[in-house]
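Report on the structure given below.
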């Protein structure tokens, strides 16, 4: 029995070694935020062309780049999804492992919303108030910092409701959390002059203070599963949740988003950049695989076609906020020409 | 007698007789037993209640997933649209614009709608799968070209959810996914008898999809099959071999004691550690492909090995020494004793252990994340080397999707997975009942 098992294992290894040489299926890794969009394109691509449907893994942006930058061989992924721009350190890792030619393609925007149950009144909050409600440390008014004393929304500002601050959000491993800390928290922080001034004198401290989210129970880490946050908001009328626009879009009969700086997270407002907490989504293509793995160019062409990423395309139905016309034209040109546009 | 009156006097008389003491404590002891029984019963009832609530919610959520709202469309397959050159080659037929044919068929039902924007809204009632269904129908029988045929195609997930009463038509228009117009059109279709609530066969025959109405578990089931096949083929023989050697042949010394401790420890290692090992060894050193059931099976085999070894050793231990002694006594060699007498008697126990180990592996997602099996895969895996995912991963991916219709589909997938687990555990119980020998 053991001998048979060993023989089987050896045989399997030999077969795989042969299979690993050629690959006829595009492989994509990366962000769980971009995942619903890339998978939609992959499915359409698989069904309407003679190529195989690409395999898309949801590994998180950082995890995706780690795999993407492992090397230039065909056993590494062809495309990385990212809910942020590639970091300098990641480009360096890539270059060290022989991945020197990468094309960046911006595919659209994603808004991050602060939402609550429809049974409660809509909140109208500005970024500074949001920072004061959720920051770990806030200015004490005497030039120093004090652990956030605000228990109720009304402690932050009289115009806000007299309800306990209770916000459900993603854990630090999530790209949504990174973007929220960077865009919302730091954005609000920089409106407080004494904290904004810190950026010039002590950048590390500025980042720690501005992006620090309180850990005393007012901000509850609700896990990576945004569906779960939506369910909890239904059950708890006073709580707020932080998640991506597509989850709001699918659940508008149960939850509503708050106005941020008086601006609604309307599609047009996110698309034009008026809505303050929106980020860009990207895909990164490994040029060394073009022509080696079949279908990459055709896949990119499908991704950047108007019927996919246009304002009325099928990705918009899934909650992607389309780029303005001029930008779409620019990035489509890049997707077709594949220049080496990631700075070394 | 009153015990308070002088302890110096009549000591034996102050102590009640044994029978009286027993009689006096009897009530208390009965009460203690009743309390204990009540506690036990309450604990069991609570567990049953929790399980009942869990199963009830899962089943209640899952039931709508087994039907799908379909529309009956009459489509005219104009030859000049599908295959203008008249070549009838598979290539020409597959690339035709079937979406236009579907759109025309739908527009025929609503001749009063001429506005382009409204027509788009009308088309949004249908699933993108409508186009695929029509293409598959024509590809299967090119002779249909030029005829007028009736096809049943799925509605979009939002319409399906509306038909199942998941949201209220009276609610504010901005808060629901369908516009007033779309609801009105749907109701008109219903009045004409073109709306059908069919059994959702797609759920059982398709691979994954981003459109809930086109998503199915067949891909994940096949992936699970390949993964479990590899797990079984590797872990069962290895575990039985290890158990037989350790129990019957190995000398009892410090080394075997060390191995035994390690096996018991391995059974308690968090499963993601096996995933990390799989990534480091099978993918990086041996260069096996990512997302392949072969690698998943190997990782899960490692994970289930200690479980099967421990169960098999327990089964071997349960075989009474008299069997071995009798075999040796009539002149059998050690190997003959073990393989002719001990192993066959221990087999039911070993198989039970193996099945329980498999059931354990069937529910794992954590180790598979590391080796790339947590992925969106549409194609049905054809071999243990093609990219695949497994049932629990499919449930995880669906439950994390924003579309509301995936909620009921995840529940349906959970029901199916539970079904498999129940069957496996039943087989284990039956094996034990039928073949296990009591001594």
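Values quoted throughout were computed directly from the atomic coordinates according to the rules given, and no laboratory measurement underlies them. Just so it is clear, the model here is predicted, and its values are computed rather than measured. Backbone-built Cβ (ideal geometry, glycine too); neighbour counts: all protein chains shown.
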Place a point 7 Å from the Cα of residue B:286 along the Cα-to-Cβ direction; which residues of the range B:383-404 have their backbone N under 20 Å from it?
B:383-390
Normalised by the empirical 2.2 N^0.38 Å for globular proteins, what value does the Cα Rg of the range B:65-214 take?
1.09
Between 0 and 90 degrees, rounded to the nearest ten: what's the tilt of helix A:35-48 against the longest Cα principal axis of chain A?
30 degrees
Eigenvalues of the alpha-carbon gyration tensor of the range A:158-309, times 5 and square-rooted, give semi-axes in Å, largest first, of 32, 23, 16
Can you check how the C-alpha radius of gyration of the range A:157-238 compares to 2.2 N^0.38 Å, as a plain ratio?
1.26
Cα convex hull volume per residue for the range A:217-301, in Å³, equals 171 Å³
The simple spin-label model distance between residue B:116 and residue A:264, using points 7 Å out along Cα→Cβ, in nm, is 2.6 nm
Report, in degrees rounded to the nearest 10, the 0 to 90 angle that the Cα long axis of helix B:254-266 makes with the longest principal axis of chain B.
40 degrees
Please give the FRET efficiency for residue B:25 paired with residue A:154, using the beta carbon to beta carbon distance and R0 = 60 Å, rounded to the nearest 0.05.
0.40
With only alpha-carbon atoms in the gyration tensor, what are the semi-axes of the equivalent ellipsoid for the range A:231-273, in Å, largest first?
21, 12, 8
Where the eigenvalues come from the Cα gyration tensor of the protein assembly as shown, what are the semi-axes √(5λ) of the equivalent ellipsoid, largest first, in whole Å?
52, 40, 31
State the Cα centre-to-centre distance between the range A:158-214 and the range B:161-233 in whole Å.
40 Å
Determine the distance separating the Cα centre of the range B:405-439 from the Cα centre of the range A:71-125; give it in Å without decimals.
41 Å
Two decimals, Cα atoms only, Kirkwood Rh: what is Rg/Rh over the range A:97-246?
1.02
Any idea what diffusion coefficient the range B:218-435 gets from Stokes-Einstein, in µm²/s, Kirkwood Rh on alpha carbon pairs, 20 °C, 1.002 mPa s?
114 µm²/s
Per principal axis, largest first, the Cα atoms of the range B:11-62 extend in Å by 75, 12, 8
What is the spin-label model distance, in nm, from residue B:423 to residue B:107 if the labels are put 7 Å beyond Cα along the C-beta direction?
4.8 nm
DSSP beta bridges in chain A [antiparallel fraction, %, rounded to 5]:
70 percent
Could you tell me the distance between the Cα centroids of the range B:326-362 and the range A:249-316, to the nearest Å?
59 Å
Take every DSSP beta bridge with both residues inside the protein assembly as shown and express the antiparallel ones as a percent of the total, to the nearest 5.
75 percent
Identify which of B:414, B:259, B:240 has the largest mean-square fluctuation in a Gaussian network model of chain B, with springs joining Cα atoms closer than 10 Å.
B:259
Give the angle, between 0 and 90 degrees and rounded to the nearest 10, that separates the Cα long axis of helix B:218-244 from the longest principal axis of the Cα atoms of chain B.
20 degrees
How much of the calculated P(r) for chain A lies past 34 Å, in percent of all Cα pairs?
34 percent
Note on chain A: contact order normalised by length, alpha-carbon pairs under 8 Å, 6 or more apart, percent, works out to 26 percent
Only helices counted: for chain A, with every DSSP H run of 4 or more residues adding -39500 (n - 2.57) and the sum spread over all residues, [θ] at 222 nm is -11000 deg cm²/dmol
Taking only the alpha carbons of chain B, what extent do you get along each of the three principal axes, in Å, biggest first?
115, 71, 38
